[in-house]
């Protein structure tokens with residue numbers, strides 16, 4: 001198990017990004033709770049068993065960026081990572097969220113190789129929850 005206990009990650013992504021997240025999470029044997037839409041992803045944030053939320057602001061059009069800000073303000077309990085493609089619309093969303101507290105972004109296809117993405121996920125979880133959350 002590579003020394004890591006199972007962690008739960010909530011996510012809502014389109015299919016091409018979804019498969020890369022699955023591959024990265026399997027490296028440390030985590031689990032993903034898929035939200036059926038962006039609105040449900042926001043509700044998942046209240047789940048105390050979640051260690052991380054992963055979203056692409058471009059695939060959640062029914063969720064305005066302003067709805068994500070409260071999640072950014074409560075990252076001490078459940079971190080938020082934006083996983084998106086490198087495109088003008090995503091750059092705008094990332095910059096806007098960055099002004100409101102976004103700390104972590106992974107751009108596909110530049111930063112999401114399986115091992116690198118897994119290390120990023122583990123680091124983000126460890127930073128907000130401490131190593132004891134993911135260490136056995």
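Quick look at the values:
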{"item": "Residue 55 touching a residue at least 24 places away in the same chain (Cβ under 8 Å), within 19 Å of residue 7 (Cβ to Cβ), surrounded by 14 or more Cβ atoms within 10 Å (Cβ to Cβ) and within 14 Å of the chain's Cα centre (by Cα)", "result": "yes"}
{"item": "Qualifying residue in segment 41-51 (condition: closer than 21 Å to residue 123 by Cα, surrounded by 15 or more Cβ atoms within 10 Å (Cβ to Cβ), within 14 Å of the chain's Cα centre (by Cα) and free of Cβ contacts under 8 Å to residues at least 24 places away in the same chain)", "result": "no"}
{"item": "Unique match (being in contact with a helix residue (DSSP H, G or I) (Cβ under 9 Å, 6 or more places away or on another chain), surrounded by 13 or more Cβ atoms within 10 Å (Cβ to Cβ) and closer than 26 Å to residue 36 by Cβ) among 90, 128", "result": "90"}
{"item": "Selection count, segment 9-29, where residues are assigned to a loop (DSSP other than H, G, I, E, B), surrounded by fewer than 23 Cβ atoms within 10 Å (Cβ to Cβ) and in contact with a helix residue (DSSP H, G or I) (Cβ under 9 Å, 6 or more places away or on another chain)", "result": "2"}
{"item": "Wholly enclosed helices (runs of 4 or more DSSP H) of segment 85-136 bearing at least 3 residues modelled with pLDDT of 95 or more", "result": "88-98, 114-129"}
{"item": "All positions within segment 58-71 that are out of contact with any strand residue (DSSP E or B) (no Cβ under 6 Å at 6 or more places or on another chain), surrounded by 17 or more Cβ atoms within 10 Å (Cβ to Cβ) and either over 12 Å from residue 84 (Cβ atoms) or modelled with pLDDT of 90 or more (or both)", "result": "63, 68"}
{"item": "Options 80, 41; residue that is closer than 15 Å to residue 13 by Cα and assigned to a helix (DSSP H, G or I)", "result": "41"}
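The values are calculated or read from the model by the stated rules, or taken from the named source; none is laboratory data. Quantities reported herein were computed from a predicted structural model and do not represent experimental measurements. Backbone-built Cβ (ideal geometry, glycine too); neighbour counts: all protein chains shown.
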